[in-house]
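Notes to accompany the following structure.
What follows is calculated from the coordinates using simple rules that are stated; it is not laboratory data. Here the structure is a predicted model, which is why all the values come from computation and not from measurement. FYI the Cβ positions are ideal-geometry reconstructions off the backbone, even for glycines, and counts take in every protein chain you see.
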Amino acid sequence: MVEETKTKGRPGILKILDRFSERLCFFFLALAGGLTVLMSLLTTYGVVRRYVFHNPEPYSYELVTMFFLFSFVFAVSYVDRGDRHIRVDLLSNLMSPSWRNLLLNIVAPVMGLTYAVLLAREGWVAAMRSLAIGEVSLSVWAEPLWPIKIMIPIGYALLCLALLTRIFRGVLSLLAGKSKPLVD
C-alpha cells in the first residue's frame, strides 16, 4: 500500500513541476516575442532618424543588441521544452522506441543540462563581477552592464528547469515501459 502511494504521488508532483515549467517558459517566450516587436520598432526608429532626418543616434542600436540577447536566452527554454528544436535524427530513427526515448529524453538533456548549468553559473559570476566593479559599456550612453549580464544566467536557469522536467518525464516513461513521455 505504501508503494502505491509513492508511485501515485510522483506523477502528481511531476505534473505540478511540469505545469510550473510550462507557464514560466511560456511567460518568458511571450516576453521574448514582445522584445522582438520592440526591436523592430527601435530599428525602424533608428533608420528613420539616420536616413530621413540625417540625425543618427546610437541608443536604438544598443537597445536592439541587448534585446536580441534577451530574446534568445528567454525563448530557448520554451523551444527545448516543447521539443521544437532542430534535430538530426538519422541515428535515432534506427533505434527502438525505448532506446530512442533513452537517448532523446534522458542522455541528450543530461548533456544539455551540464552545458546550461555551466553557462548559468559562469554568467552569474560575470554579472556579479560586473556589479562589483561598476562596469559600464564603452558607448556614449555608458549604461551599466550587470543588468544586461544577469539576464544570461536567468535564461539558462530557465533552460535548466525545462531540461530537468524533460529528464524526469523521460525517466518515468522509461520506467513505465513507454516510448513517449508520460506528461505532455
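About its Cα centre, the chain has a charge dipole of approximately 540 debye under the convention of +1 per Lys or Arg Cβ and -1 per Asp or Glu Cβ, with nothing else charged. Farthest towards the positive end of the charge dipole of the chain, among the residues Ala162, Val107, Gly12, is the Cα of Gly12, using unit charges on the Cβ of Lys, Arg, Asp and Glu. Extent of the range 77-184 along its three principal axes (Cα atoms, max minus min coordinate, largest first): 57, 25, 20 Å. Placing unit charges on each Cβ (+1 for Lys and Arg, -1 for Asp and Glu) gives the range 1-114 a dipole about its Cα centre, and among Leu41, Ala75, Ser96 the Cα reaching farthest toward its positive end belongs to Ser96.
Quick check: from the Cα gyration tensor, does the range 48-122 come out rounded (a/c under 1.5), prolate or oblate? In terms of gyration-tensor shape, prolate.
Remark: spin-label model distance Arg49-Met111 equals 4.5 nm, labels positioned 7 Å along the Cα→Cβ axis. Once you order the gyration tensor axes a ≥ b ≥ c over the Cα atoms, which shape class does the range 1-110 get: rounded for a/c under 1.5, otherwise prolate or oblate by comparing a/b with b/c? Oblate is the answer for the range 1-110, as a/c is 1.5 or above yet b/c matches or exceeds a/b.
Between Phe20 and Leu94, the contour length at 0.36 nm per residue exceeds the alpha carbon distance by 23.2 nm.
Relative to the compact-globule scaling 2.2 N^0.38 Å, provide the ratio for the alpha-carbon radius of gyration of the chain.
Details: Rg = 21.1 Å, N = 184, 2.2 N^0.38 = 16.0 Å.
Computed over Cα atoms of the chain, the ratio equals 1.32.
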